[in-house]
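Beneath this line is the structure, given in structure tokens, with notes to follow.
The values are calculated or read from the model by the stated rules, or taken from the named source; none is laboratory data. Note that the coordinates shown come from a computational prediction; the quantities given were computed from them, not determined experimentally. Here the Cβ positions follow ideal geometry from the backbone for every residue, glycine too, while neighbour counts run over all protein chains shown. Keep in mind that these areas ignore ligands, DNA and RNA; they rest on the heavy atoms of the full protein, side chains included. Shrake-Rupley method; radii C 1.70, N 1.55, O 1.52, S 1.80 Å.
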Amino acid sequence: MTKEGHRLDPSDWDSFNQDMHDLLDLCLARMRGARDLPWIPKPDKMGLELDGAAQSTADTFAQITKTIMPYATGNTHPAFFGWVHGSGLPVGVGAEMVAATMNSNCGGRDHAAIDVEREVINWLTRTAGMPADAFGILTTGTSQATILALSAARARAFGTDVRKTGIRSLPEIRVYMAKGAHSCVAKALEVMGHGSDCISQIPVNHQSQMDIAALEMAIQEDRAAGLAPLAIVGTAGSVGVGAYDDLNAIADVATAQNIWMHVDAAFGFWSRLADAPFCNLSDGIGRAQSIALDTHKWPGVQYDSGACLIADRDLQRATFASRPAYLKSAEDGLAGGDLWFCDYGIELSRGFKALKVWAAIKTLGADTMGKAITDNFKQAALMADLVTQSPNLTLQHDVISNVCCFSVVRGDVACIAADLQIAGQGVFSTITIDGVPCLRAACVGHRTTSDDIRTAIKAVEATQV
Ligand SMILES: *Cc1c(COP(=O)(O)O)cnc(C)c1O
């Protein structure tokens, strides 16, 4: 029975209703049982081929739950320490379902989703300690946010005419960041047409922080050579060792030199919510002209979701707003509304990411989120203690925040990491520090306990016999 106007909706809503309830039960059971579900290798043949033929909703849901759902990244598991992966929030399952139901287009116009996103942005700028009229936009993550932020920096440095004339007439720019800062900055500069060669990598001190004297020297030399400093990128939580630049010192230089300060705070932003002394790591972040952060990492909001925060709202608008006639707003009606997010970023049609972020903050509250983050800082310190006590393991970098990197006496770290992953005993990633291959753990999982840390280190120890 597929008739015009009914072709794509369920032919039997009652049975669809039942299928959905069954699906929800399976999803919640999976989340509730996250501790029993580490990453497992997927079968060689997944049987997901699309041949264009139709099947029932029940069959599709069965395939999803049996063939796809078990083979996730594994980051919902408490012993997942690899890279920096968020562990997912149960409340997000509900928010995602409602967002899918509403199917709002958050590029603009006058509807509730816009207010939700405005509230989320306001909360984030307040949490950062930015000026009261700072603004921003939710993004797919820090990579996209970095493109937006550096585009705004460029508009400020060279005027918004650059939108029309492109980069041909611009002087050669320089962007400063510490050695070990994230590759998303290079990618943003590639996308923007400047090329990653315009990055000036500044040496770091023993805490892997940008050397401020070296920064000042580089700026001075570049200016003398006729280059145009565009931005200084501070890092709050480096992906390698969890380093935090001295953001106040960077802000002082940026202010004195009249250079845009951007902070890559992909996961380190969330130190703002932690107890002292951990919250002090990111002091000064509110002085940045722009901040890129992820909600899908440390706070565990579902992928994908991140944000770009920009201190100068008018500049943000001037960098991106563009409204041809078919996008004209109106005084009243759906085409009204004083805030169209398409004016503040690169997307026109946009999903309702804000709801899962709003629901997470509203439900958990900053206090509880901060406690979970504080736990993670302490877990990394515990891991460092265990490593230090072990005759077979060597701490290769001070634990600055929530990341612990250590080497092993016996064996190849890549093989050890893979063996532990395949055995479901824990997910470490690997990194080379001063030429020494290391196992690397980033503690960002809200389900992780101190016991999980002890068990994971015991599992690594067991590879050393
Ligand atoms: C993850 C990460 C990024 C990139 O963010 P995406 O959300 O993956 O685009 C940038 N910087 C740091 C420090 C990160 O940890």
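Using a 1.4 angstrom probe on the protein heavy atoms only, could you order L189, L273 from most to least accessible area? Present the calculation step by step, with values, prior to reporting the outcome.
Details: L189 0, L273 30 Å².
Order by accessible area, largest first: L273, L189.
Cross-link partners among aspartates and glutamates for K187, C-alpha distance below 20 Å, same-chain residues fewer than 8 apart left out?
Within reach: E172, D197, D264, D294, D304, E347.
Taking amide H positions as placed 1.01 Å from N in the peptide plane, with prolines and chain starts having none, which residues 5 or more places from I199, or on another chain, fall under 5 Å of its amide H?
Residues meeting the amide H criterion: V175.
Accessible area per residue of the chain at 1.4 Å probe, in Å²?
That works out to 47 Å² for each residue.
Per-residue counts of other Cβ atoms within 10 Å, averaged by peptide: what ranking do you get for 412-420, 29-37, highest first?
Going by the mean number of other Cβ atoms within 10 Å, highest first, we get 412-420, 29-37.
So what's the projected area for the range 264-378, the Cα convex hull averaged over all directions, in nm²?
8.6 nm²
Express in Å², to the nearest 10, the accessible area of S290 obtained by rolling a 1.4 Å probe over the protein heavy atoms while all chains stay in place.
Number for this one is 0 Å².
Just for the Cα atoms in the chain, what are the lengths along the principal axes, largest first, rounded to whole Å?
75, 72, 42
Using a Cα-Cα cut-off of under 24 Å, which lysines could be cross-linked to K356, ignoring same-chain neighbours fewer than 8 residues away?
Cα-Cα hits under 24 Å: K297, K371.
State which helices in the chain qualify, where a helix is a whole DSSP H run, it must extend 24 Å or more along its own axis by its Cα atoms, and its mean Kyte-Doolittle hydropathy must be at least -1.0.
Helix filter hits for the chain: 13-32, 112-128, 354-389.
Just from its helices, what would the mean residue ellipticity at 222 nm be for the chain, if runs of 4 or more DSSP H residues each count -39500 (n - 2.57) and the sum is divided by every residue, rounded to the nearest 500 deg cm²/dmol?
-12000 deg cm²/dmol
Probe radius 1.4 Å, ligands and nucleic acids ignored: give me the carbon and sulfur share of the accessible area of the chain as a rounded percent.
Here it works out to 52 percent.
Place +1 on the Cβ of every Lys and Arg and -1 on the Cβ of every Asp and Glu in the chain, take the dipole about the Cα centre, and give the residue among P229, T388, S305 whose Cα lies farthest towards its positive end.
P229
Taking 10 °C and 1.306 mPa s as the conditions, I'd like the Stokes-Einstein D for the range 154-211 in µm²/s, using the Kirkwood hydrodynamic radius from alpha carbon pairs.
The Stokes-Einstein estimate is 126 µm²/s.
Putting +1 on Lys and Arg Cβ atoms and -1 on Asp and Glu Cβ atoms, find which of H397, W358, G166 reaches farthest to the positive end of the dipole of the chain.
G166
Taking θ = phi - 60°, what integer Hz values does the Karplus form 6.51 cos²θ - 1.76 cosθ + 1.60 yield along the range 81-87, in sequence order, with x for Gly and Pro?
Using θ = phi - 60°, the values come out as 10, x, 6, 9, 10, x, 9 Hz.
Quick one: check the C-alpha center-to-center distance for the range 1-66 versus the range 175-225, whole angstrom.
Cα centroid to Cα centroid, the span is 47 Å.
Quick one: compute the contact order of the chain, relative version, from alpha carbon pairs under 8 angstrom and 6+ residues apart, as a percent.
Over the chain, the number comes to 22 percent.
Post the alpha-carbon centroid distance, the range 311-342 to the range 120-143, in whole angstrom.
18 Å
In whole Å, what are the extents of the range 120-176 along the principal axes defined by its C-alpha atoms, from largest to smallest?
If we take the Cα atoms of the range 120-176, the spans are 39, 24, 23 Å.
Relative contact order of the range 20-104, please, whole-number percent, based on alpha carbon pairs below 8 angstrom and at least 6 residues apart. Can you show the working numbers first?
On the way: 44 pairs, mean separation 32.7, N = 85.
It rounds to 39 percent for the range 20-104.
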